[in-house]
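The values are calculated or read from the model by the stated rules, or taken from the named source; none is laboratory data. Because the structure is a prediction, the values reported are computed rather than measured. As a convention, Cβ positions derive from the backbone with ideal geometry for all residues, glycine included, and neighbour counts pool all protein chains shown. Heavy atoms of the whole protein, side chains included, go into the accessibility calculation; ligands, DNA and RNA do not. Shrake-Rupley method; radii C 1.70, N 1.55, O 1.52, S 1.80 Å.
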Amino acid sequence: MTFFPMLTPQDLLLALAVAVLAGWVKGMVGFAMPMVLVSGLSMFLPPDVALAGLILPTLVTNGVQALREGVSAAVSSIRKFRIFLLVGLVFLLAGAQLVSLVPARTFLLMIGAPVTFFALIQILGVRLTLNKPSVRIEVGIGAIAGFVGGMSGVWGPPTVAYLTALNTPKAEQMRVQGVIYGLGAVALLLAHLGSGVLRAETAPLSAVLIAPALAGMWIGMQLQPRIDQVLFRKVTLLVLLAAGVNLLRRAVFG
């Protein structure tokens, strides 16, 4: 196990299983991979190692999702949401530099809070609606998504909330999510090469989780047309809620 000095064999098997589950969920609903990965890995790994573990699988799977409809469609999405992406990038880079300065319990709180909040409002049926894009709102949500993403690797909740509020068509939303998350994952990779989170000791774990994440994503994409999406989304949100509450419990009680 010298290749994975921070993991026991049991931890490695659990990490691979979490990656398959995260990929499966992403293949089904188009998001939630970082939330599932960081929530699952944080149950038996230090928070910074869990964060490092999600970086490369998130980068690769979002690249696949973003380019599913071709490069021109992805470029169109980049142009349409360029303000969100630019603001998110700046705040992601800023947030990433604070990871090493934040105590473990605070780190868990910053991961658990957005996961729990997002899952809870979705389960309760809360829907925000925007009649048209707003630069002010886009800047604000991009800043929140970027900063939280830099700290925790989880920037999906505010992104999904914003796209849903705009009533973005399903196919476009899947593509846009892939583009936003993919570019965010590139920024996250660069930021945490600088912060020291992704380093010689943690990079092998992140690399080995790519294959199971892709396998899970492929399975999810194959099953997507056969499973009732409303029911699956509810189950996914309940799982995320449980994971978020567990992270909050660890943050408060240790």
Could you list, in sequence order, the residues of region 18-43 that are buried (at least 24 other Cβ atoms within 10 Å of the Cβ), at pLDDT below 85 and over 13 Å from the mean Cα position of the chain (by Cα)? none
Answer from Gly182, Gly196 - the residue that is on the phi > 0 side of the Ramachandran plot and at pLDDT 80 or above: Gly196
Output yes when any residue across region 99-113 is within 15 Å of the chain's Cα centre (by Cα) and of a type in the set (Val, Ile, Thr), and no when none is. yes
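Only one residue in Phe31, Phe84 is assigned to a loop (DSSP other than H, G, I, E, B), in contact with a Gly (Cβ under 8 Å, 6 or more places away or on another chain) and in contact (Cβ under 8 Å) with a residue 40 or more places away in the chain, so which one is that?
Answer to the check: Phe31.
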For Gly125, the lone unmet condition from (1) small (Gly, Ala, Ser); (2) assigned to a helix (DSSP H, G or I); (3) at pLDDT below 85 is (2)
Looking at (1) open to solvent by 30 Å² or more (accessible area, probe 1.4 Å); (2) closer than 28 Å to Leu120 by Cβ; (3) in a loop (DSSP other than H, G, I, E, B), can you tell me which one Arg175 breaks? (3)
Would you pick out the residues in region 44-65 that are hydrophobic (A, V, I, L, M, F, W, C), open to solvent by 10 Å² or more (accessible area, probe 1.4 Å) and touching a residue at least 40 places away in the same chain (Cβ under 8 Å)? Leu56, Leu59, Val60, Val64
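Scan region 191-207 for residues that are aliphatic (A, V, I, L, M), surrounded by fewer than 19 Cβ atoms within 10 Å (Cβ to Cβ) and touching a residue at least 40 places away in the same chain (Cβ under 8 Å) and jot them down.
Filtering region 191-207 down to residues aliphatic (A, V, I, L, M) leaves 191, 193, 197-198, 200, 203, 205, 207.
With surrounded by fewer than 19 Cβ atoms within 10 Å (Cβ to Cβ) added as a condition, the list becomes 193, 200, 203, 207.
Correct list: Ala203, Ala207.
Mind checking which residues of region 134-149 are surrounded by 17 or more Cβ atoms within 10 Å (Cβ to Cβ) and over 11 Å from the mean Cα position of the chain (by Cα)? Give the derivation first.
Of all residues in region 134-149, those surrounded by 17 or more Cβ atoms within 10 Å (Cβ to Cβ) come to 138, 141-149.
Hits for region 134-149 are Glu138, Ile141, Gly142, Ala143, Ile144, Gly146, Phe147.
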Residues satisfying the stated conditions in region 212-251, i.e. hydrophobic (A, V, I, L, M, F, W, C) and free of Cβ contacts under 8 Å to residues at least 60 places away in the same chain: Val230, Leu231, Val235, Ala242
State all residues of region 137-166 that are at negative phi and not in a helix (DSSP H, G or I); if no residue qualifies, say none. Val154, Trp155, Leu166
Filter region 94-120 down to residues that are assigned to a helix (DSSP H, G or I) and polar (S, T, N, Q) and give me whichever is nearest to Ala243 (Cα to Cα). Thr116
What's the number of the condition Arg79 fails, among (1) at pLDDT below 85; (2) part of a helix (DSSP H, G or I); (3) open to solvent by 90 Å² or more (accessible area, probe 1.4 Å)? (1)
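Filter region 6-17 down to the residues that are open to solvent by 20 Å² or more (accessible area, probe 1.4 Å), assigned to a helix (DSSP H, G or I) and among the hydrophobic types (A, V, I, L, M, F, W, C) and list them by number.
Of the residues in region 6-17, the ones open to solvent by 20 Å² or more (accessible area, probe 1.4 Å) are 6, 8-14, 16-17.
Then keep just the ones that are assigned to a helix (DSSP H, G or I); that gives 9-14, 16-17.
Residues satisfying the conditions are Leu12, Leu13, Leu14, Leu16, Ala17.
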